[in-house]
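What follows draws every value from the coordinates through simple rules; no lab data is involved. Predicted model, so just to flag it, every value in this text is computed and none were measured. Cβ: placed from backbone, ideal geometry, glycine included. Neighbour counts: every protein chain shown.
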Amino acid sequence: MMVKKPIGEKAEQPNLAEELQDEHLEQVEAEIVPVVGEKDQLQALQDELADTRLKAEEYLDGWQRARAELANYRKRVEREQAMANQMAAGSIIRRYLDVMDDLDRALKNRPNEGDGAAWAQGIDLIYRKLNTIIENEGVIAIQAEGQSFDPNFHEAISLEESSSHESGQVIEVLKRGYLLGDRVLRPAQVRVAR
């Protein structure tokens, strides 16, 4: 026998199923929403990390460039200061080279006997002392006699016929030339063979 249920009860059964279904959906949503939220949060953190790495690389690159520019600036300033010091020293030393030339000419014709010989020895001592001072400043005499003429280091005063020299060879040095470092302080004045 079948008992008939009132109409109200039939209405309750679908409600119970719907409630269970709704409850199950809520439970699934509760589990899914945090996972989806965690995935979104994870993606946001990964994006933020990528942006931070890009900025860090950009800052590192900028820092390295600034550091290299500073090193280059320091080197340039040191080179400029060295050049300025060398030019200042060169202009002062150039004035004393004429005195050295005069002493050199005086010693070529020095007397070997009498009172003049003692005087010549004093002049020779002064000449050597001045030469040492100039050499200590980094000044080097240009070796020219017997060398091939080089317009970078020599200034030709005359071209002459010479049977004992090849064409373009320096016959005689009239005035010594000098280098200060790698720069010509004064070219050597020379006579050159044709």
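In this structure, Arg94 and Ala71 have a Cβ-Cβ separation that, at R0 = 30 Å, corresponds to a calculated FRET efficiency of about 0.30.
Ratio of Rg to Rh for the stretch 54-194: 1.26 [Cα atoms; Kirkwood radius as inverse mean 1/r over pairs]. In a DSSP loop and with at most 10 other Cβ atoms within 10 Å, there are no trypsin sites (Lys or Arg not before Pro) in the stretch 35-136. Judged by the gyration tensor of its Cα atoms, with axes a ≥ b ≥ c, the stretch 113-166 is oblate; a/c meets the 1.5 cut and b/c is at least as large as a/b.
For the stretch 138-194, the spread of Cα positions along the three principal axes, ordered from largest to smallest, is 37, 15, 15 Å.
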